[in-house]
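Novice: If you scroll down you'll find the structure; I have some questions about it.
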Amino acid sequence: MKINTIQCKTLLTKSRLPEADYCINPYVGCLHGCIYCYARFMKRFTTHDEPWGHFVDVKINASEVLAKELARKPKKGITLLGSVTDAYQPIEQKYRITRAILEILLQYNFPVSVLTKSNLVIRDLDLFKQLSQCEVGLTLTTTAQEIARNFEPYSSTPQQRIKALDTFHRSGITTYAFIGPILPGLTNLETIFTAIVGKVDFVMAESINLKCGNWENVQDLLKSKYPHLLSLYQSRFTQTYWGQVEKELRTLSEKFKIPLKGFYQH
């Protein structure tokens, strides 16, 4: 694993995502090492030779840059922490870049949205409680620890993430589960809904993206651990297939009375 500290020139960027007005990425790269990671395209913007998931650049001056940007009084909008990185990946415990960013966003009363696979987010509960508008999401691909370990080797366990959702929800903070990527033959949607009922305000979901350079890694893992699913994944799935998944999501949403805010297909 290679960790560098870098100086960034900008931090607050306009978002192309429908749920956020701005994005902030405190790090370049991520050490969670998720096999299916869609953000690996970011490597081409770096000078790293290491494989994606084996390096991270720490934007050591992030909070200072953000303070200058917000002092210019940009239009307020929902700011997503972690669109192509995880703002609470393990090294955040040491560098505390995300916490420093949250303190600046709190100072300027900017709405905040966080999506993470880490229960480290609980550390900053005190700041989230002070924000006038915020939401915290935890990604759930599965509730099965073995599957999670295979696909997301250095992330918090599914049980830790579910507990984090419960902690935030009980504190009166808006919470959501991001079910994604949905792994055909492995992601049990009903089990996830059962686990999160009473702990989230809504759910979002996403199909697996096999068009972003991660197919080789996914294929190798399937060959090693789930050979019976290899032909299914090689088919790359049809729109009809994902239409059936969306139908199941909506059925479960009604059954468990958890609103489905969006299902994104690739």
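Just so it is clear, none of the values below were taken in a lab; they were calculated from the coordinates. Since the model is a prediction, treat every value here as computed from it, not as a measurement. With ideal geometry, Cβ positions are generated from the backbone for all residues, glycine too; neighbour counts draw on all protein chains shown.
Novice: For the chain, with the dipole built from +1 on Lys and Arg beta-carbon atoms and -1 on Asp and Glu ones, taken about the Cα centre, which of Phe110, Leu189, Phe237 lies farthest toward the positive end?
Specialist: Working it through, the farthest residue towards the positive pole turns out to be Phe110.
Novice: Using the basic label-point model (7 angstrom from Cα toward the beta carbon), what is the Thr251 to Lys94 distance in nanometres?
Specialist: 4.8 nm
Novice: In nm, what is the difference between 0.36 nm times the number of residues separating Thr47 and Thr240 and their Cα-Cα distance?
Specialist: That works out to 65.4 nm of additional length.
Novice: Given contacts defined as C-alpha pairs under 8 Å and at least six residues apart, what's the relative contact order of region 40-161, whole-number percent?
Specialist: Rounded, it is 22 percent for region 40-161.
Novice: What is the helix-to-structure angle for 158-170, meaning the angle in degrees between its Cα long axis and the longest Cα principal axis of the chain, kept from 0 to 90 and rounded to the nearest 10?
Specialist: So the helix axis and the longest Cα principal axis differ by about 50 degrees.
Novice: Roughly what would the spin-label model give for Leu229 and Asn109, points 7 Å off Cα along C-beta, in nm?
Specialist: 4.7 nm
Novice: Would you be so kind as to identify which of Ile179, Phe41, Gly77 lies farthest towards the positive end of the dipole of region 2-264, taking Lys and Arg as +1 and Asp and Glu as -1 on Cβ and the Cα centre as origin?
Specialist: The listed residue farthest towards the positive side: Gly77.
Novice: Sticking with this structure for a sec: In square nanometres, what is one fourth of the surface area of the convex hull spanned by the alpha carbons of region 107-157?
Specialist: Mean projected area of the Cα convex hull: 3.9 nm².
Novice: In nm, what is the difference between 0.36 nm times the number of residues separating Glu64 and Ser132 and their Cα-Cα distance?
Specialist: Extending this stretch completely gives an extra 22.3 nm.
Novice: Under 28 Å between alpha carbons, and skipping anything fewer than 8 positions from Lys255 in its own chain: which lysines qualify?
Specialist: Lys117, Lys163, Lys199, Lys247
Novice: Please list, by residue number, every one of the trypsin sites (Lys or Arg not before Pro) in region 191-233 that is coil in DSSP and has at most 13 other beta-carbon atoms within 10 Å.
Specialist: When the trypsin sites (Lys or Arg not before Pro) of region 191-233 are filtered for loop state and at most 13 Cβ neighbours within 10 Å, Lys211 remain.
Novice: Just name one of Tyr226, Phe55, Ile101: the one whose Cα is farthest towards the positive end of the charge dipole of region 2-264 (beta-carbon charges, Lys/Arg +1, Asp/Glu -1).
Specialist: After comparing all options, I get Ile101.
Novice: To make sure I understand the rule: partners must be lysines, Cα under 29 Å from the Cα of Lys73, and not fewer than 8 residues away in the same chain. Which ones qualify?
Specialist: Candidates past the 8-residue exclusion: Lys9, Lys14, Lys59, Lys129.
Novice: Counting other Cβ atoms within 10 Å, keep those with at most 11, restrict to DSSP loop, and tell me which trypsin sites (Lys or Arg not before Pro) in region 1-104 are left.
Specialist: Listed in order of number, the matching sites are Lys9, Arg16, Arg72, Lys75.
Novice: Rank-order 80-87, 30-37 by packing density, defined as the average count of other C-beta atoms within 10 Å over each peptide's residues, highest first.
Specialist: Ranked by mean Cβ neighbours within 10 Å, highest first: 80-87, 30-37.
Novice: Relative to 2.2 N^0.38 Å, what does the C-alpha radius of gyration of the chain come to as a ratio? Two decimals please.
Specialist: The value comes to 0.99.
Novice: Assuming R0 = 51 Å, what is the FRET efficiency of Glu190 and Thr5, from their Cβ-Cβ distance, to the nearest 0.05?
Specialist: 0.70
Novice: Please give the charge dipole size of region 112-266, origin at the Cα centre, charges +1 on K and R Cβ atoms and -1 on D and E Cβ atoms. Round to the nearest 20 debye.
Specialist: Charge dipole of region 112-266: 100 debye, to the nearest 20.
Novice: Between Ala71 and Arg149, what is the label-point separation in nm under the 7 Å Cα-to-beta-carbon projection?
Specialist: In this crude spin-label approximation the distance works out to 5.0 nm.
Novice: About the Cα centre of the chain, how large is the charge dipole given +1 on each Lys and Arg Cβ and -1 on each Asp and Glu Cβ? Please answer in debye to the nearest 20.
Specialist: Roughly 440 debye, rounded to the nearest 20.
Novice: Among DSSP beta bridges whose residues both lie in the chain, state the antiparallel percentage, nearest 5.
Specialist: In the chain, approximately 10 percent of DSSP beta bridges are antiparallel ones.
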